[in-house]
Amino acid sequence: MKFAQEFKKALQREGFPQRWIDSAIPYGQLKKCLKKVTRELETIGLDKDTLALLAKGQASAGDLGFHYDLDGEPCNSKLLRPRLTISVHLKDGVVVDATLSPATRDFLEKVALQKAEQQEQPTPAPDVDHESSASDDNEAPISGSDGTLTTTTCPVRQVEIPLVFDGEFFDILQNDVFELDTLQEEEAERLKADIASLGRTMTRTTRPSNGKKARDDLARWRQIFELYLDARIFFSTRESDHGARTAAQALKQLQWFQQEVLQRKHVQGLKLSASRDAFTMFLNLNAMLLQNLKFQEINQLAVTKILKKFDKRTSLGVAKTFPVAVHSERLLAGSMARDLCAQVSSEVIATVPQLDDYLCPICFAVAYWPIRLQCQHIFCSRCLVKMQRKSERFCPLCRGDVIMRAGLDNFDKAHAAFLREYFPKEVKEKVKANELERGKEIFGPDYTEGPCCVM
Ligand SMILES: [Zn+2]
Ligand SMILES: [Zn+2]
């Protein structure tokens, strides 16, 4: 199937909102416009083969060739103004490059002549200044050409080719990329608000101080989010498949997550209706993110395809230069999923603290009593005391000279309250272990906790 049809069908099949479909890359219109570009180039003797030949000449000889600059005219408009300049050898107004067809040479001579006449006029044309002397009168000795007498003795001239339809083509394409950027920005803002709202709901409903049901749900959520993080739906941090996922991969991972949650009866296990509602919201959010990713992907593909077609028909090489010149912050940068996933983890996942994030990096038990060092790293008080006894000066995580400077002031009271609220069991165990260790230090290795050891 041709891509134009495929693109149209995919837009309909995926159930995107009409407003999205209306903003999609106008592939058909661009294809039509590309025909005009091709025709325009052909009528002046610059068909794709001639331009390919010029590009080849540029690569080997370095003088004959062309330059196609998408942002060639400095103007205030954000829109690209493409400019095609061809370097040819001119002798007494005659193009002497034998590789070019007579029609091409005729045309180039005519353009060069017009340019020369314009420049003889006392009032300079608006773009004369821009035609710098370096590009106009490059009379440096020519090296590496094919050695024929004619070309080696003639100066190289830069001839700017006046074109109309390539400007139209890039106007259409660029305007649409901007429109899609705006659309994605709006969608991202909406999703951001949804994520923030879900985060607030989660914090409210799962606070352990709300009672037993809330505490039970919190434990459930912990398991749900563990699965979610394992699924790495939009991004993978594993070495084997590091980076952003395609929409198809993301869909597969999202399905796996839903299935696992279902099989383990996690949703039925949520005791508060507010928790169950929050889970539905969470799934919807992920579905919307996926939908956005799909739409972005399909439009990115349309841009790539039309640029490749442009190059195939003109040899002007825009597939590489356009994405750089257009400065698309959203669509072509593909930053939406990354930004929103970061927000999901900081505002939703983080409402359900995972023990792993609160361990002391030395003893791997919950970091209680928490001591926050100057470098902001947190250790349990026991491990800090032991480091100080050994006169260790440097933080094992960042090598900051902070250990010996720590004292009672570094006890993080708020963090301690947080750990007691969210990890009561682990905190109790840690306190017991700390006491036992201290007892052994004082009374010797036979010390055991409990009343029986008191003689
Ligand atoms: Zn520790
Ligand atoms: Zn540190």
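The values are calculated or read from the model by the stated rules, or taken from the named source; none is laboratory data. Small disclaimer: the values here were computed from a predicted structure and weren't measured. Cβ: placed from backbone, ideal geometry, glycine included. Neighbour counts: every protein chain shown. All accessible areas refer to the heavy atoms of the entire protein, side chains included, with ligands and DNA or RNA removed. Shrake-Rupley method; radii C 1.70, N 1.55, O 1.52, S 1.80 Å.
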Open item on the list: Go through (1) in contact (Cβ under 8 Å) with a residue 40 or more places away in the chain; (2) away from ligand 1 (no atom under 16 Å from the Cβ); (3) open to solvent by 100 Å² or more (accessible area, probe 1.4 Å) for TYR422 and report which single condition fails.
Closed with: (3)
Task: Residues being near ligand 2 (Cβ under 10 Å from one of its atoms) and in contact (Cβ under 8 Å) with a residue 12 or more places away in the chain - total across the range 373-419 - done: 13
Task: Residue count, the range 239-259 (criterion: touching a Lys or Arg at 6+ places or on another chain (Cβ under 7 Å) and open to solvent by 60 Å² or more (accessible area, probe 1.4 Å)) - done: 1
Open item on the list: Taking the conditions exactly as written (touching a Leu at 6+ places or on another chain (Cβ under 8 Å) and within 13 Å of ligand 1 (Cβ to nearest atom)), does ILE378 satisfy them or not?
Closed with: no
Task: Tally, over the range 227-266, of residues that are among the small types (Gly, Ala, Ser) and at positive phi - done: 1
Task: Filter pass, ASP194 being assigned by TED's automatic domain parsing to the domain that holds SER273, modelled with pLDDT of 95 or more and in a helix (DSSP H, G or I) - done: yes
Open item on the list: Here is a list: ASN210, ASN175. Which entry is without any contact (Cβ under 8 Å) to a residue 40 or more places away in the chain and of a type outside the set (A, V, I, L, M, F, W, C)?
Closed with: ASN210
Open item on the list: Can you report the number of residues in the range 333-354 which are open to solvent by less than 40 Å² (accessible area, probe 1.4 Å) and either touching an Asp or Glu at 6+ places or on another chain (Cβ under 9 Å) or within 14 Å of ligand 1 (Cβ to nearest atom) (or both)?
Closed with: 4
TODO: Check the range 355-370 and report whether any residue there is open to solvent by 30 Å² or more (accessible area, probe 1.4 Å) and more than 16 Å from ligand 1 (Cβ to nearest atom).
DONE: no
